[in-house]
1. Scanning region 308-328 for residues that are closer than 15 Å to residue 364 by Cβ and part of a loop (DSSP other than H, G, I, E, B), which turns out most open to solvent (accessible area, probe 1.4 Å)?
2. Tell me, please, whether a residue that is farther than 20 Å from residue 228 by Cβ, part of a strand (DSSP E or B) and out of contact with any His (no Cβ under 6 Å at 6 or more places or on another chain) can be found in region 288-301.
3. Please state which of the following conditions residue 367 fails to meet, knowing it meets all the rest: (1) of a type in the set (D, E, K, R); (2) under 27 Å from residue 399 (Cα atoms); (3) not in a strand (DSSP E or B).
4. Residues of region 303-332 being within 15 Å of residue 356 (Cα to Cα) and in contact with a Leu (Cβ under 7 Å, 6 or more places away or on another chain), which ones?
5. What residue, of 92, 168, is among the β-branched types (Val, Ile, Thr) and under 24 Å from residue 48 (Cβ atoms)?
6. Within region 3-59, track down each residue that is surrounded by fewer than 11 Cβ atoms within 10 Å (Cβ to Cβ) and modelled with pLDDT under 50.
7. State all residues of region 271-307 that are acidic (Asp, Glu) and open to solvent by 70 Å² or more (accessible area, probe 1.4 Å); if no residue qualifies, say none.
8. Determine whether residue 383 is surrounded by 13 or more Cβ atoms within 10 Å (Cβ to Cβ), hydrophobic (A, V, I, L, M, F, W, C), in contact (Cβ under 8 Å) with a residue 60 or more places away in the chain and closer than 17 Å to residue 300 by Cα.
Amino acid sequence: MQSPHFWSTLLLVLAALPGAAQQTGSVPTAALFGRVVNALTHEPVRRASVKIYTSKDQWDEITDGDGRFKFPPLKRAEYGFMAHRDGFTDRTYKVELSDFDDPKELPIELFPQGVITGKVVDGSGQPLQRAEVQALRADQAGGSEWTNDLGEYRLSGLDPGSYRIRVTYREGRESEFDPTPITTASATKPTELAVKPGALISGIDFVLNPVRPVSVRGTIHTETGQPVDRASFSLAGPNGESSGPGNIDAGKFEIPDVSPGSYTIFAKTFDKTAPLFGTATVEVHGEDVSGVDLTMHPIPKVEGRIQVESGNIENLDSIHILFRPADHILWSTGLAQPDRAGAFMVGLNPGEYTLTVQPLPEGFVVERVTLDEAPVTNWKIKVDSSAEPKKLVIVLAPKKQP
């Protein structure tokens, strides 16, 4: 099983330099060399930064006027490799032991990044300055910019992929002690924009109508009706809108400065041994919202263990297991770190998650993953609200040699 978040493996080849055939002990050395070009025009990419590295060492080079690079002789081993140039998408590879066997020049293609431009105005057509415009995508952040005095923005440096463009505007109060009223507005384009390498997409404009934000109030309590006085709050919309932080007093909570929209409220207690969680949905229009009922439940737990099928790994406690929620709400993200024996536990809100296991010990791969003894496919697991902990097993095995 291989994670989609890990580097794709590309056949890297190395060529011996004069004198490189001489060995130090029994370990042969060879020099990595190649050429970096624009994937669209095939022109050389000058002054690109290329590096090859292990967990302990790193070698850096800069491409010359013809886009070429060359590293000093390296021992036969597994390495990471990355090429970077501003205005292009980074390329990362993994050097396998077998890549030392067929020496030739390594071609590296960098794709030009895309650009999205547009304008943000109010309902009267007047430009809105200092509106934040964000390019959002499922697997990573795409970047953000502020509009200028003409309401114009330019989102550059975008990797190829599909994006949602969100704009938010806030004017007025700068801190909680500032009595100045504020106005806010937000909008997200309902369709995703497909950004191709080197593409310029213009005319992605927004019309906002800033309004006074309101407060959301309600009660927070356990399943037995006991008031909850300490908990963290997060309020998020379907397109990533958020507000807060909220405050609690004697089982009553208030979240200020909420713009109109549909939201989900998330709450979690600070108890490390038996935390509680709760969610509630709310529709916000032009008036304060009161009477929201937030019931807290025991947070579902995942009990996990990393097992080594063969071989020996002494640093299992250096591995991290990331649980990324399918709804991309960062508040629900979970992170677990096993102990030296590979055991870990994490509390997760009910929902679907994608697993990422990294960094993997050198020479090992994830052989299989099971949840309650059932195979996990596509690195996705589902967590329900049952009180019984789910059993997650991650099996590591030595990488098979060709």
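The values are calculated or read from the model by the stated rules, or taken from the named source; none is laboratory data. All of these numbers come straight from a predicted model, not from anything done at the bench. Virtual Cβ from ideal backbone geometry, glycine too; neighbours counted across all protein chains shown. Only protein heavy atoms, including side chains, enter the accessible area calculation; ligands, DNA and RNA are left aside. Shrake-Rupley method; radii C 1.70, N 1.55, O 1.52, S 1.80 Å.
1. Of everything passing the filter in region 308-328, 314 is most open to solvent (accessible area, probe 1.4 Å).
2. No, region 288-301 has no match at all.
3. (3)
4. Those that are within 15 Å of residue 356 (Cα to Cα) and in contact with a Leu (Cβ under 7 Å, 6 or more places away or on another chain): 304, 306, 320, 321, 322, 323.
5. Only one candidate qualifies: 92.
6. 4, 8, 18, 19, 22, 24, 25
7. Residues satisfying the conditions are 271, 283, 287, 288, 293.
8. yes
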